[in-house]
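Accompanying notes for the structure given below.
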Amino acid sequence: MEALDRVVKPKTKRAKRFLEKREPKLTENTKNAILIKGGNANLTVTETLKDIVSILKNITRPFEDQTSLEFFSKKSDCSLFLFGSHNKKRPNNLIIGRMFDYHVLDMIELGIEKFVSLKDIKNSKCPEGTKPMLIFAGDTFDLNEEYRRLKSLLIDFFRGPTVPTIRLAGLEYVLHFTAMDGKIYMRSYKVLLKKSRCKIPRIELEEMGPSLDLVMRRTHLASEDLYKLSLKQPKALKPKKKKNISHDVFGTSYGRIHMQKQDLSKLQTRKMKGLKKRPAAKMTEEDEEISPKKLKSV
């Protein structure tokens, strides 16, 4: 049994807190990513990893041997990874993947055909840590299973932390992915809010880099059963169903109220003299005293 797999009882409070942070939670922590530079990575791959912020680890072939990758993932508590390498058979190679229970779930190999660095585009940049807006164009992302998993992987990788509210000025970074003719085009833009004649500002996109033309190579996808297991949510997080409440396509809530049949005779009306109730016996005596009017003869 490996050292990281053994169950060790904590001897200090600090060790106990550390183990508690690693335990499963109802609401998991923000996913961390480990970016890996292979021993034979060239300048193009290195610059690509630098633009996505690299953490260098020494791993050889993830598709052939995943033990070292899983070891570093568990040690660093990272559920996402990006591995870069370069060789004669597969030049300018990137492998993007994710973990489930510290074991490789999905892994997709991408080849870099064209790369434009952040430094090569002389425009203003967004601040570091800006949460991007993700746009996916192309029917292939919905029709092909491998591209569907790649889309899910890219969303996991670039989505960032979950935020409760959004402000308009904070929407300033766009990542655009296009699947067309067997290639994936990644472009990044800065959102510019210009003045307009109305309250809504005019929006312009300015390319800021990095820019990548990618082609899919090898894939290692989880089985349907394992993939469904990784998406399973705890019962405590599932929203409880409320009776007689429905929602329309716009998110508006509608409630249905069940009421008993009302007795209109007991309905409270406005207090007016004409609507005042009188006893039945008194009403009959008054009707007898009133004589019918005589018709005038002409």
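The values are calculated or read from the model by the stated rules, or taken from the named source; none is laboratory data. Note that this is a predicted model, so its numbers are computed, not measured. All Cβ positions, glycine included, derive from the backbone under ideal geometry; neighbour counts span all protein chains shown. Surface accessibility is based on the protein's heavy atoms, side chains included, excluding ligands, DNA and RNA. Shrake-Rupley method; radii C 1.70, N 1.55, O 1.52, S 1.80 Å.
For the range 170-192, the set of residues classified as over 20 Å from the mean Cα position of the chain (by Cα) and at pLDDT below 85 is empty.
Here the range 58-73 is the region considered, the condition is being open to solvent by 70 Å² or more (accessible area, probe 1.4 Å) and β-branched (Val, Ile, Thr), and the residue that is modelled with the highest pLDDT is Thr67. In the set (1) in a loop (DSSP other than H, G, I, E, B); (2) at pLDDT 80 or above, Arg149 fails one condition alone, (1). Quick one: is Ile155 assigned to a helix (DSSP H, G or I), among the hydrophobic types (A, V, I, L, M, F, W, C) and without any contact (Cβ under 8 Å) to a residue 24 or more places away in the chain? Taking the combined requirement at face value, the residue satisfies it. Note on the range 88-104: residues that are among the charged types (D, E, K, R) and open to solvent by 60 Å² or more (accessible area, probe 1.4 Å) amount to 3.
The residues listed here are Arg218, Arg202; of these, the one that is at negative phi, open to solvent by 100 Å² or more (accessible area, probe 1.4 Å) and touching a strand residue (DSSP E or B) at 6+ places or on another chain (Cβ under 9 Å) is Arg202. Inspect all residues belonging to the range 144-156 and state whether any of them is open to solvent by less than 60 Å² (accessible area, probe 1.4 Å) and under 22 Å from Met208 (Cβ atoms). Yes, some residue in the range 144-156 is open to solvent by less than 60 Å² (accessible area, probe 1.4 Å) and under 22 Å from Met208 (Cβ atoms). Of all the listed residues (Lys122, Lys114), the sole one being modelled with pLDDT under 85 and either under 23 Å from Ser68 (Cβ atoms) or open to solvent by 70 Å² or more (accessible area, probe 1.4 Å) (or both) is Lys122. On inspection, Arg6 qualifies as among the charged types (D, E, K, R), open to solvent by 50 Å² or more (accessible area, probe 1.4 Å) and either part of a helix (DSSP H, G or I) or modelled with pLDDT under 75 (or both).
Is it the case that some residue within the range 89-101 is part of a loop (DSSP other than H, G, I, E, B), in contact (Cβ under 8 Å) with a residue 60 or more places away in the chain, over 21 Å from the mean Cα position of the chain (by Cα) and farther than 20 Å from Tyr227 by Cα? Within the range 89-101, one or more residues are part of a loop (DSSP other than H, G, I, E, B), in contact (Cβ under 8 Å) with a residue 60 or more places away in the chain, over 21 Å from the mean Cα position of the chain (by Cα) and farther than 20 Å from Tyr227 by Cα.
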